[in-house]
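Below is one structure; the comments refer to it alone.
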Amino acid sequence: MSKEFKLPELGENIESADVLTVLVSEGDNITLEQSIIEIETDKATIEVPSNISGTVKKISVKAGDNVKVGQTILILEEDTPTKTDSKKKTEDKPTVKTENKTTEPKIEKTKEIKSSEQKTID
């Protein structure tokens, strides 16, 4: 599923910033909190981290662009486990081998109780 990564709120009264560097390329796999772009505001230079992980499908900005808060920076294809991935995970689990040993049933000796030895429970 595709997700847009938009420029987040940067601080009080900051409505836009200039893109200094795009730190990822189309086709890159990015992780949560990985820096995506480096921007410059009136007050500071900031590396903006991703709030989602996935594969970069399209980059909508380039160095030198002025971007506004809420503007789409890039589009990601979110990482989702596929059926083959989950199947592979089960195949990777080690198997435990057990030996089939036949054991003879345990025979316990019983004592026969005579009727005179029996007790009644009320």
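The values are calculated or read from the model by the stated rules, or taken from the named source; none is laboratory data. Computed from a predicted structure; not experimentally measured. Note that each Cβ is placed from the backbone with ideal geometry, even for glycine, and that neighbours are counted across all protein chains shown.
Mind telling me which of the residues ASP18, ASP42 ends up being among the charged types (D, E, K, R) and at pLDDT 95 or above? Lay out the reasoning, then the answer.
Numbers: ASP42 fails: at pLDDT 95 or above.
Among ASP18, ASP42, only ASP18 is among the charged types (D, E, K, R) and at pLDDT 95 or above.
Taking strands (runs of 3 or more DSSP E) as the structural unit, those lying wholly within the range 1-83 and holding at least 3 residues that are out of contact with any Gly (no Cβ under 8 Å at 6 or more places or on another chain) and free of Cβ contacts under 8 Å to residues at least 24 places away in the same chain correspond to 35-40.
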